[in-house]
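These notes concern the structure reproduced below.
None of the figures in this text is laboratory data; all of them are computed from the coordinates on show. These numbers were taken from a predicted model, which means no experiment stands behind them. So basically every Cβ, Gly included, is an ideal-geometry build from the backbone, and we count neighbours across all protein chains shown.
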Amino acid sequence: MIKELPILHTNNDALFEKYEAKFKALADKKRLQIMYELTQKGKVCVCDLTEIVEMAQSKLSYHLKILLDANLIIKETEGTMNYYSLNPDEVNHLLSEELCCIFRRNSCC
């Protein structure tokens, strides 16, 4: 017996656009490296992150903005300093158990 697929409704467009942005943000080696480093180090100042990922601050800011817009990372401002960390709820929601292990700090599959 052939299983019928559910009919897609136009209200799904916004949901699909949200996921499209998230997966586009993930589809870049440098952004994956940034997320990995945030996983390993926790909350990191942007000035330290430039050295860790060996990237000019202007390029790093571009990548951080994409990750922020996709809600994959969190930005906290303390005084004049910006600190970034991974948004674990969003990452766990998006990725399979196998892939989540890469971005989980204290546990593995």
What is segment 16-103's relative contact order, in percent, from Cα pairs under 8 angstrom and six or more apart in sequence?
31
For segment 60-77, just list the computed ³J(HN,Hα) in residue order, Karplus coefficients 6.51, -1.76 and 1.60, θ = phi - 60°, integers in Hz, with x standing in for Gly and Pro.
4, 4, 4, 5, 5, 4, 4, 5, 5, 4, 8, 6, 8, 10, 10, 10, 10, 9
Label-point gap, in nm, between D13 and Q57 - each point 7 angstrom along Cα→Cβ
4.1
Please list, in order along segment 49-57, the HN-Hα scalar couplings obtained from phi with the Karplus expression 6.51 cos²θ - 1.76 cosθ + 1.60 (θ = phi - 60°), rounded to whole Hz, x for Gly and Pro.
5, 4, 6, 4, 9, 6, 9, 4, 4
If each of E76 and V46 carries a label point 7 Å out from its Cα toward its Cβ, how far apart are those two points in nm?
1.7
